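Inspection log for the structure reproduced underneath, given as structure tokens.
The values are calculated or read from the model by the stated rules, or taken from the named source; none is laboratory data. In this text the structure is predicted, and so the values were computed from the model without any measurement. Because the Cβ atoms are built from the backbone with ideal geometry, glycine has one as well, and the counts that use them run over all protein chains shown.
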Amino acid sequence: MDEPIEVNNKFFSHRKIYLISTLIVVVAITLYLFKSEDSALYKVEPLTSSLVIRTSGVLRPLIYRDLYSPQDGEIKYITDNKAGEKTNKGDLIFSVFNSEIESLFSQKRKEYSDEEYEFQQKLISLKQDILKTELEKLSIEAKYEGAKSELLAYSKHPDVIPTLELNIKKREIELLKKQITQLMKISEDQHLNVKQFENNWQNKKEYMNVELGILSATIEALNIKSPIDGNIEYIDESLQIGKVVSKGQVLGRVSDFSFWAAYLDVPVASIDRIKIGDRVILDVNGHSVAGSIYQIDQKVENQTIKIIAKIKDDNLTILRSELRVNASIETNENRPLSIIRFSNNIPLNSKTLNVIAHYKDGKKNKIEIKVQEISNEKIIFESLGSQVEAIGFY
């Protein structure tokens, strides 16, 4: 009976030693973990910053002009200047040939030339008629004056000239006077006709000149010139001499690269927080450039509103075309943030981080923070409240 009891005592002795060893290991690991958490704590400091709205859009020159084909036609000239090269206002960039307009202009010009010739011939004829009337009137007036002189001579010798001859001479004078009056009326009417004819022609000529002017201006508009001083931003690479183009087709663009603007799309829900003059930061090929909002559109498209920010930066002068950019809009609306600072390099790059929050009352809690800015020296994140005094990473 004594021997089995001795075996059981040994078994319980080994079991006790195993439990004690396991307990020691668990306590050691727990103390190590708590020590690890406390050994990498970072003080949380309050920070107030402007609310930043992140968006994207297009950066393009503030002043630019697209060059359109004014009519259907064929390309007959393209400038030798390349994209990015300087151009002055009035420089010829493209020329388009429209056969219908050119043909109509030639036809109208010939018609007006023929009508001008007909007018001149008719005018000469009318003036010749006036001249004939004047000559005839002068001839009758001469006869009239002669008859009057003869009658006067007859009246001085009434005993010599028979009464019948005197009466005939008086009748002749009356007829000549009547002819003179009629010719004067005819001459007056002829002068009025010439004046009316010239006035009608002048009115018609003015209309023809307007019509020719419109056609001439239409043809001149086919010579597409630079509307501003600037640079050629681009020319449609598919264009070549003889290529058919359509009315309204964009052939190229001239831009002033001195001033740039960002055309950004902002969600409707955020538009009330944005004001004219708010600062805008753009990421342009890895470089930050600043500007300010100067126009907010009122039209809503796809739940976004277009805003325009003026950008003035010497680094942009090297750009020669528009490009997509990411942007941050710094509003005047403040928001509570928190910041931790550190000297050692922590390899973190995330919009959210899992941390252990240490509260003033000694409590700890694993939480997720939303990062606003992160670098090798600091992390700025949304405020965790005034009760959190430090955080640690795990």
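Give me a count of the residues in segment 264-291 that are at pLDDT below 85 and touching an Asp or Glu at 6+ places or on another chain (Cβ under 6 Å). Qualifying residue count for the region: 1.
In segment 267-284, the residue that is nearest to the chain's Cα centre (by Cα) out of those that are under 12 Å from D313 (Cβ atoms) and without any contact (Cβ under 8 Å) to a residue 60 or more places away in the chain is V280.
Of everything in segment 351-388, what is of a type in the set (D, E) and within 54 Å of the chain's Cα centre (by Cα)? Give them in sequence order. Across segment 351-388, the qualifying residues are E368, E373, E377, E382. Selection of first residues in segment 138-159 that are surrounded by 13 or more Cβ atoms within 10 Å (Cβ to Cβ) and of second residues that are aliphatic (A, V, I, L, M) and outside any helix (DSSP H, G or I), restricted to Cβ pairs under 9 Å at least 6 apart or on distinct chains, gives the following pairs, ordered by first then second residue: Y154/V160; Y154/I161. Taken over segment 276-293, the residue count meeting the criterion of being surrounded by 15 or more Cβ atoms within 10 Å (Cβ to Cβ) and either hydrophobic (A, V, I, L, M, F, W, C) or not in a strand (DSSP E or B) (or both) is 7.
The set of residues in segment 199-229 being in contact with a helix residue (DSSP H, G or I) (Cβ under 9 Å, 6 or more places away or on another chain) and not in a helix (DSSP H, G or I) consists of L222 alone. In the set (1) in contact with a strand residue (DSSP E or B) (Cβ under 6 Å, 6 or more places away or on another chain); (2) not polar (S, T, N, Q); (3) not in a helix (DSSP H, G or I), the condition left unmet by K247 is number (1). Farther than 24 Å from K127 by Cβ, in contact (Cβ under 8 Å) with a residue 12 or more places away in the chain and in contact with a Ser or Thr (Cβ under 8 Å, 6 or more places away or on another chain): which single residue out of I173, I186, I232 fits that description? Step by step, each of I173, I186, I232 is checked, and only I232 is farther than 24 Å from K127 by Cβ, in contact (Cβ under 8 Å) with a residue 12 or more places away in the chain and in contact with a Ser or Thr (Cβ under 8 Å, 6 or more places away or on another chain). One residue is enough: does segment 266-276 have a residue meeting the conditions touching a Leu at 6+ places or on another chain (Cβ under 8 Å) and closer than 30 Å to K378 by Cα? So far as segment 266-276 goes, yes, one or more of its residues are touching a Leu at 6+ places or on another chain (Cβ under 8 Å) and closer than 30 Å to K378 by Cα.
Close contacts from segment 285-310, counting a first residue that is at positive phi and a second that is not hydrophobic (A, V, I, L, M, F, W, C), with Cβ to Cβ under 9 Å and a gap of 6+ residues or different chains, come to N302/D265; Q303/P267.
One line per residue, one yes/no per condition, for (1) modelled with pLDDT of 85 or more; (2) small (G, A, S); (3) under 23 Å from L47 (Cα atoms):
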site: E322; (1), (2), (3): no, no, no
site: I329; (1), (2), (3): yes, no, yes
site: S350; (1), (2), (3): no, yes, yes
site: Q372; (1), (2), (3): no, no, yes
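Would you please name the residue that is modelled with the lowest pLDDT, looking only at residues in segment 80-96 that are in a strand (DSSP E or B) and not hydroxyl-bearing (S, T, Y)? The residue in question is K86.
For (1) surrounded by 15 or more Cβ atoms within 10 Å (Cβ to Cβ); (2) touching a strand residue (DSSP E or B) at 6+ places or on another chain (Cβ under 7 Å); (3) not assigned by TED's automatic domain parsing to the domain that holds I318, each residue gets a yes or a no:
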position	(1), (2), (3)
N199	no, no, yes
E206	no, no, yes
N209	no, no, yes
G213	no, no, yes
I232	yes, yes, yes
L251	yes, yes, no
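Screening the candidates D283, D272 for the property of being among the acidic types (D, E) and farther than 30 Å from I391 by Cβ yields one hit, D272.
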